[in-house]
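Presented below is the structure to which this report refers.
The values are calculated or read from the model by the stated rules, or taken from the named source; none is laboratory data. Everything numeric in this text was worked out from a predicted model, so none of it was measured. Quick reminder, even Gly has a Cβ in these numbers, built from the backbone with ideal geometry, and neighbours come from all protein chains shown. Areas reflect the complete protein model, heavy atoms only, side chains present, ligands, DNA and RNA absent. Shrake-Rupley method; radii C 1.70, N 1.55, O 1.52, S 1.80 Å.
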Amino acid sequence: MNFTIEREKLLKPLQQVAGVVERRQTLPVLSNVLMVIDGDQLLLTGTDLEVELVARVTLDSQFENAEITVPAKKLLDICKSLPEESSVQFILEDQKLLVKAGRSRFSLATLPSNEFPNLEDASGTTRFSINQGYLKSVIDRTGFAMAQQDVRFYLNGMLFEVSTNLLRAVATDGHRLALCNAEIQCEVDQAVQAIVPRKGVLELSKLFTDMDADVSVSLSSNHIRVEDTDLRFTSKLIDGKFPDYERVLPKNSDKTVISDKDEMKQCFSRVSILSNEKYRGVRIRLLDGSLTTVANNPEQEEAEETINVDYHGAELEIGFNVNYLLDVMNVIRSENVKILMADSNSSALITDANDETASYVVMPMRL
């Protein structure tokens, strides 16, 4: 292996690939990045056996084909530390990879490429194209509701459901649910479901840089693959059955609140300061034309604030975890938010007042 590349061309794809690599690994080779020279192409691959990312970089000329693995973090730190516009030369000698740039010289330990694991071929039967910015938006508007290390392992990820011309993303941790729809061009005989693990979802969201470009998405029984000209992302799927989320969506909500989103968000933020640090509960009291939020804590402190809202109906008092409400406010896009409720024991359905492609369900708390 002997090739030269500009620092700027290498740094970004190396950062993306190194993001997948875990620091602490049971297999030493999993801390490495696989470097493959194929003519005028450099392929960089990182994996943790669940998620795999391959970045493709076009070199300035043809080089002899070769492959080796080197420590991902150390190589990334070296590239970051080099001066801008450096030309970096890589030479493999005696199972050490020499990295030269100007007067700097580094010698990195390597492991053979045949020890590097490959995720099995993930060619899927369900395929569609979608705009990068559109897909990132769908993920960002739902990802916050994913569970973290829940014993119900199928909640530690995001459901991607593909039906004819529709992609739906759903995430829930059992206390709240986020759902977002996106239009796609795809024909399927019946809905296809895939649960993408939490790490896969977070890594996928970080990859999108060209918001105007399209990516190809394919789903198989075990994997999701997303790729464009420079990147190929593959993740194993969670083997489990996602809850029937349709049953969670409130159907008989007869009380509608419409409010300025920023005003409501600031009200919740201020009142939450004196909420119970563990349970984060607040009481919401609805009267004709107003919404009052109250919080108190074990120190007998209390906060209360009233805002004007568009509400005409019977008086209602209901408790919520204020963090769940604030998470929703952070992803609502328009100036106004709409909340549908039935009674103090029923979940609230929250949507953007001007765009109902995304819906959020928050369960009530007993206070």
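For the chain, take the longest principal axis of its alpha carbons; what is the angle in degrees between that and the long axis of helix 322-331, to the nearest 10 within 0 to 90?
The two axes meet at around 60 degrees.
Against the longest principal axis of the chain, how steep is helix 132-142, in degrees 0 to 90 to the nearest 10, with axes from Cα atoms?
It works out to around 50 degrees.
Averaged per residue, what accessible area in Å² does the chain show with a 1.4 Å probe, protein chains only?
I get 49 Å² per residue for this part.
Stretched out fully, how many nm does the piece from S216 to L202 gain, at 0.36 nm a residue minus the Cα gap?
3.2 nm
What residues of the range 274-292 lie in the reach of a label at E304, counting those whose backbone N is under 12 Å from a point 7 Å from the Cα along Cα→Cβ?
The answer is 285, 292, whose backbone nitrogens lie closer than 12 Å to the label point.
Taking square-rooted eigenvalues a ≥ b ≥ c of the alpha carbon gyration tensor, is the range 203-310 rounded, prolate or oblate, where a/c under 1.5 means rounded and, failing that, a/b exceeding b/c means prolate?
Prolate, because a/c is 1.5 or more and a/b exceeds b/c.
Simple spin-label model, 7 Å along Cα-to-Cβ: D94 to N345 in nm?
7.8
Based solely on its DSSP helices, what 222 nm [θ] is calculated for the chain when runs of n ≥ 4 H residues each add -39,500 (n - 2.57) and the sum is averaged over all residues, nearest 500 deg cm²/dmol?
That comes out to -5500 deg cm²/dmol.
Can you give the angle from 0 to 90° between the axis of helix 198-207 and the longest principal axis of the chain, with both taken from C-alpha atoms, to the nearest 10?
70
Mind running the shape call on the range 100-169? Use the C-alpha gyration tensor, a ≥ b ≥ c as the square roots of the eigenvalues: rounded below 1.5 for a/c, prolate if a/b tops b/c, oblate otherwise.
It comes out prolate by the Cα gyration axes.
For Rg and Dmax of the Cα atoms in Å, one of [x] 24.1, 78; [y] 24.9, 86; [z] 24.9, 80 was computed from the structure I shared and the rest are decoys. Which label?
From the options [x] 24.1, 78; [y] 24.9, 86; [z] 24.9, 80, the structure gives [z].
At R0 = 22 Å, how high is the FRET efficiency between L249 and V188 if r is their beta carbon distance? Nearest 0.05 is fine.
The value I calculate is 0.50.
Among I307, V294, V361, which residue has its Cα furthest toward the positive end of the charge dipole of the range 222-367, with +1 on Lys/Arg Cβ and -1 on Asp/Glu Cβ?
Of the options given, the answer is V361.
Determine the sum of side-chain charges near M341: Lys and Arg each +1, Asp and Glu each -1, restricted to other residues whose C-beta is under 9 angstrom from that of M341.
Computed value for this residue: -1.
With a 1.4 Å probe and all protein chains left in place, how much of the accessible area of the chain comes from carbon and sulfur atoms, in whole percent?
44
Which residue, D230, D244, D310, has the most motion in a Gaussian network model of the chain that connects Cα atoms within less than 10 Å?
D244
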